[in-house]
1. Looking for something open to solvent by 10 Å² or more (accessible area, probe 1.4 Å), without any contact (Cβ under 8 Å) to a residue 60 or more places away in the chain, within 28 Å of Ala101 (Cα to Cα) and out of contact with any Cys (no Cβ under 8 Å at 6 or more places or on another chain) - is there at least one such residue anywhere in region 30-37?
2. Quick one: in region 125-147, which of the residues that are in contact (Cβ under 8 Å) with a residue 40 or more places away in the chain and part of a loop (DSSP other than H, G, I, E, B) is most open to solvent (accessible area, probe 1.4 Å)?
3. Which members of region 1-29 meet the condition of being closer than 15 Å to Ala169 by Cβ and in contact (Cβ under 8 Å) with a residue 40 or more places away in the chain?
4. Filter region 1-26 down to residues that are at pLDDT below 95 and of a type outside the set (Val, Ile, Thr) and give me whichever is least open to solvent (accessible area, probe 1.4 Å).
5. Can we say Val160 is in a helix (DSSP H, G or I) and either closer than 30 Å to Ser45 by Cα or over 18 Å from the mean Cα position of the chain (by Cα) (or both)?
6. List the number of the failed condition for Val57; all other conditions in (1) in contact with a Phe, Trp or Tyr (Cβ under 7 Å, 6 or more places away or on another chain); (2) surrounded by 21 or more Cβ atoms within 10 Å (Cβ to Cβ); (3) not aromatic (Phe, Trp, Tyr) hold.
7. Can you pull out every residue in region 67-117 that is β-branched (Val, Ile, Thr), open to solvent by 10 Å² or more (accessible area, probe 1.4 Å) and under 21 Å from Gly14 (Cβ atoms)?
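The values are calculated or read from the model by the stated rules, or taken from the named source; none is laboratory data. Since the structure is predicted, the reported quantities are computational estimates derived from the model, not experimental observations. Note: ideal-geometry Cβ built from the backbone for every residue, glycine included; neighbour counts use all protein chains shown. Just the protein is used for accessible areas: all its heavy atoms, side chains included, with ligands, DNA and RNA removed. Shrake-Rupley method; radii C 1.70, N 1.55, O 1.52, S 1.80 Å.
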Amino acid sequence: MLLMRERDDITFFGRKLLAAGLTTGTGGNLSILSHGDGLIAISPSGVEYEEMTPADVPVVDFSGVTVEGSRKPSSELDFHRALYRRRADIRAVVHTHSVYATTMACLNWEIPAVHYLVAFSGHKVPLAPYATFGTPELAANVAESIGDFNAVLLANHGLVAVGENLATAFAVAEEIELVARIYYQAKCIGDPVILPDGEMSRVVEKFVSYGRKGEKKSTEKGGGNS
């Protein structure tokens, strides 16, 4: 079976999406790029995460053609491919419908540096303009809006997080959901104080030396993704 480890990781982190409350039902999607052969393992469309097996996870080539698996790839395959084309450092993508991040997206608000943990994304979490799900327009909006950040909100839709492996991308999605909740709650009370760019630059630099959350988890599970 092609990309067996990657397909296993898709099922593992798909269940973690549900357990962490980052999505419901079959919402959201995940993928991993294998740089060696340009193949992508991506969650299938319409399959419950709790019932998903590695054999259910389709493998597609970089043009989006299925090379192994009988299930239909996620309807958002185009923006996964667009992100991999956009930045060579992206090896995994996690898309969620987490409640607080999606609330910010529905307000068409970026998430500023209300808490230093926004550094999991960068200095902020930018916003991609709205387009219908599964369309080339949405793929183009996501790829253009992410810039050098590790997360981007999709207007009236949800959140996309990226990383060097799936554990890292998942950690970004989880931490940005926390920051989105903090921002929401702070706005309910008053006007939150936003950290200045200089401080965020220091935090981002410290994060590089500290290491991304999730790397230890990836090692414990059998190593990073190909």
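1. No, region 30-37 has no match at all.
2. Phe133
3. Taking region 1-29 first, the residues closer than 15 Å to Ala169 by Cβ are 6, 9-10, 12-14, 16-17, 20, 22-23, 28-29.
Of everything in region 1-29, those that are closer than 15 Å to Ala169 by Cβ and in contact (Cβ under 8 Å) with a residue 40 or more places away in the chain turn out to be Glu6, Asp9, Ile10, Phe12, Phe13, Lys16, Leu17, Ala20, Leu22, Thr23, Gly28, Asn29.
4. Gly25
5. Numbers: in a helix (DSSP H, G or I): no; either closer than 30 Å to Ser45 by Cα or over 18 Å from the mean Cα position of the chain (by Cα) (or both): yes.
Taking the combined requirement at face value, the residue does not satisfy it.
6. (1)
7. Of the residues in region 67-117, the ones β-branched (Val, Ile, Thr) are 67, 90, 93-94, 96, 99, 102-103, 111, 114.
Then drop every residue that is not open to solvent by 10 Å² or more (accessible area, probe 1.4 Å), which leaves 67, 99, 102-103, 114.
Within region 67-117, Val67, Val99, Thr102 qualify.
Each row is one residue, and each column tells you yes or no for (1) polar (S, T, N, Q); (2) open to solvent by 50 Å² or more (accessible area, probe 1.4 Å).
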position: Asn156; (1), (2): yes, yes
position: Leu159; (1), (2): no, no
position: Asn165; (1), (2): yes, no
position: Glu175; (1), (2): no, no
position: Gln185; (1), (2): yes, yes
position: Gly198; (1), (2): no, no
position: Ser201; (1), (2): yes, yes
position: Glu205; (1), (2): no, yes
position: Ser209; (1), (2): yes, yes
